[in-house]
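Report on the following structure.
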Amino acid sequence: MKATYLDPRVGQYVLAHATQPDEVLEALAKETVEATGGDSEMQISPEQGPFLTMLAQIAGARNAVEIGTFTGYSSICIARGLAPGGRLTCFDVSEQWTSIARRHWREAGVADRIDLILGPAAETLAAWTPAEPVDLAFIDADKGGYPVYYDLLMDRLAPGGVILCDNTLRRGTVADPDTTDPVTEAMRAFNDKVMTDPRVTTVLLPLADGLTLIRKN
Ligand SMILES: C[S@@+](CC[C@H](N)C(=O)[O-])C[C@H]1O[C@@H](n2cnc3c(N)ncnc32)[C@H](O)[C@@H]1O
């Protein structure tokens, strides 16, 4: 989702000065609009793609996790940055949307390094024991589930491992005291939870709809 709280000219400028999506990501974004209509807004914003790839590269990620895969855009970006032999485990509830992801993983040449686990992530993640500690995780599913996913991931995260959470600015509404809808309140509570967690160092980046970067100390 785009940075709707920014001056549109600044938003466009930021978009134009990030590494641009290649033809695989362009085709996926186009198909996502055609197949899902307004739900296509759920896809990460294009400038977040190179950020995810770079972060996986910088972290030397060998065991990455994604909660909320949709049609596959962010998972391709993470998978492209994995260390040699690295794996990405994706969690999502939707067979329909992730079937689009599976096809584009093959197009992108990353299908062999991604595992997909279908079902409500609070249950499937709780039941999942990784072969080695997680070093990079991206949370981008139902906003009310973030605290549960965060706690489950913290238990599975290596020291120095990183969790990224998307939409933490919620179109800027988290900073508006007059906005009290349940999703905004949930996101505020989550942001406070992370910020006061003594186990981590964290920063809320105003990138796209807000991306929180959390490192386990
Ligand atoms: C914002 S979209 C993810 C966008 C994706 N990261 C991308 O870049 O295209 C949210 C996804 O979370 C999934 N989701 C929603 N509730 C979930 C749950 N309880 N457990 C697992 N996945 C869930 C939805 O099916 C949807 O695909």
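The values are calculated or read from the model by the stated rules, or taken from the named source; none is laboratory data. Everything quoted here is computed from the prediction, not taken from an experiment. For the accessible areas, the whole protein counts, side chains as well, though only heavy atoms, and no ligand, DNA or RNA atoms are used. Shrake-Rupley method; radii C 1.70, N 1.55, O 1.52, S 1.80 Å.
Per-residue ellipticity at 222 nm computed for the chain from its helices equals -12500 deg cm²/dmol, with DSSP H segments shorter than 4 residues left out and the rest contributing -39,500 (n - 2.57). For the chain, the per residue solvent-accessible surface stands at 46 Å², with DNA, RNA and ligands left out and a 1.4 Å probe. Ignoring lysines fewer than eight residues from Lys193 along the same chain, the ones with Cα atoms less than 28 angstrom from its Cα are Lys2, Lys143, Lys216. With a/c under 1.5 counting as rounded, go ahead and sort the stretch 1-118 into rounded, prolate or oblate using the C-alpha gyration tensor (a ≥ b ≥ c being the square roots of the eigenvalues; past the cut-off, prolate if a/b is larger than b/c, else oblate). Verdict is oblate for the stretch 1-118. Does the chain come out rounded, prolate or oblate by the C-alpha gyration tensor, with a ≥ b ≥ c the root eigenvalues, rounded set by a/c under 1.5 and, if not, prolate when a/b is larger than b/c and oblate if not? Rounded. Extension gain, Leu6-Glu95: 0.36 nm per intervening residue step, less the Cα-Cα distance, totals 28.6 nm.
If you roll a 1.4 Å probe over the chain with all protein chains in place, what percent of the accessible area is carbon or sulfur?
On the way: 5810 of 10070 Å².
Its accessible area is 58 percent carbon and sulfur atoms.
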